[in-house]
Amino acid sequence: MKKQYKLIIFAVIIVMIAACDHHFEWSSYLGNANNLAFLSTLVKENPILALVSYTAFTVVGSVVFALPGVTFAVVAGIMLGPWLGIIACLFATTLGACIAFLASRFFLKDSIKPLLEKNKLLQKLLFSDNEKNSLVILMITRMVPLFPYNIQNFAYGITGIGFWEYTIYTFIFMFPGVSFFTIGAAGLTAGQDSWKYYLTAAVLAVIVTIAGILIKNKYLNPEYEEVS
């Protein structure tokens with residue numbers, strides 16, 4: 001019965017957030033260039049409100065609507081620019097990942113298992129008898145582009161990893177991917193200097209790709225490859 005109550009409580013929270021989104025049309029901002037322009041103006045006029053709005057959007061988007069992780073980096077780059085955007089995106093996506101982790105651990109353990117069955121590679125990696133420490137597992141899943149951001153966040157909640165360990169490693173290993181997507185997105189509004197952002201993002205993308213391949217080859221042995 002306790003599990004049912006937890007699931008009901010979580011469902012009520014989700015319904016309330018979804019109702020607010022329907023009323024205030026938060027999610028529509030992504031599909032409208034005018035709204036993104038408004039947010040860029042808001043950054044100049046009220047940067048604190050802009051950061052709070054972006055953080056709220058990212059947390060709701062990652063926990064409730066399961067938007068792709070790249071979405072938040074692109075919005076951060078356009079809205080906040082490259083450097084502030086990287087910091088804001090890292091903070092907000094880590095916060096969203098932590099909330100999803102806690103929701104899974106305390107409310108959704110039984111509901112997450114069927115979701116994991118759709119990603120056999122992630123399931124195998126997280127629950128394999130071949131022991132890997134938490135640092136290695138989080139490095140693999142956050143840096144190798146085979147594991148959806150949102151599924152990871154919920155999946156870790158049903159593992160034995162500690163909350164702070166998860167939080168710190170998530171922040172560290174999301175940094176490279178967040179950086180090149182955010183810098184690349186910032187180039188969309190950089191005018192004549194856009195090539196600098198695109199070049200920087202391209203170099204970072206190559207570095208991250210090579211790092212991901214090396215990590216995959218080193219840690220994802222043929223046993224894991226068979227279930228991918």
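The values are calculated or read from the model by the stated rules, or taken from the named source; none is laboratory data. Predicted model, so just to flag it, every value in this text is computed and none were measured. As a convention, Cβ positions derive from the backbone with ideal geometry for all residues, glycine included, and neighbour counts pool all protein chains shown.
Could you check, for the range 86-107, whether at least one of its residues is modelled with pLDDT under 80, part of a loop (DSSP other than H, G, I, E, B) and of a type in the set (A, V, I, L, M, F, W, C)? Yes, because at least one residue in the range 86-107 is modelled with pLDDT under 80, part of a loop (DSSP other than H, G, I, E, B) and of a type in the set (A, V, I, L, M, F, W, C). Please determine whether any residue of the range 44-67 is surrounded by fewer than 20 Cβ atoms within 10 Å (Cβ to Cβ), in a helix (DSSP H, G or I), in contact with a Gly (Cβ under 7 Å, 6 or more places away or on another chain) and at pLDDT below 85. No, every residue in the range 44-67 fails to be surrounded by fewer than 20 Cβ atoms within 10 Å (Cβ to Cβ), in a helix (DSSP H, G or I), in contact with a Gly (Cβ under 7 Å, 6 or more places away or on another chain) and at pLDDT below 85. For the range 137-189, the set of residues classified as under 18 Å from residue 104 (Cβ atoms), among the small types (Gly, Ala, Ser) and in contact (Cβ under 8 Å) with a residue 24 or more places away in the chain consists of 155, 157, 162, listed by residue number. Tell me, which residue of the range 108-149 that is surrounded by fewer than 18 Cβ atoms within 10 Å (Cβ to Cβ) and among the polar types (S, T, N, Q) is modelled with the highest pLDDT? Checked the range 108-149; the qualifying residue modelled with the highest pLDDT is 134.
Screening residue 218 with (1) of a type in the set (D, E, K, R); (2) closer than 24 Å to residue 60 by Cα; (3) more than 13 Å from the chain's Cα centre (by Cα) gives one miss only, at (2).
Pairs are defined by a Cβ separation below 8 Å, a sequence spacing of at least 6 or placement on different chains, a first member in the range 197-213 that is within 12 Å of residue 179 (Cα to Cα) and without any contact (Cβ under 8 Å) to a residue 40 or more places away in the chain, and a second member that is part of a helix (DSSP H, G or I) and among the polar types (S, T, N, Q); the pairs so defined are 204/179. Is there a residue in the range 150-167 that is over 13 Å from the mean Cα position of the chain (by Cα), at pLDDT below 80 and within 26 Å of residue 74 (Cα to Cα)? Looking through the range 150-167, none of the residues is over 13 Å from the mean Cα position of the chain (by Cα), at pLDDT below 80 and within 26 Å of residue 74 (Cα to Cα).
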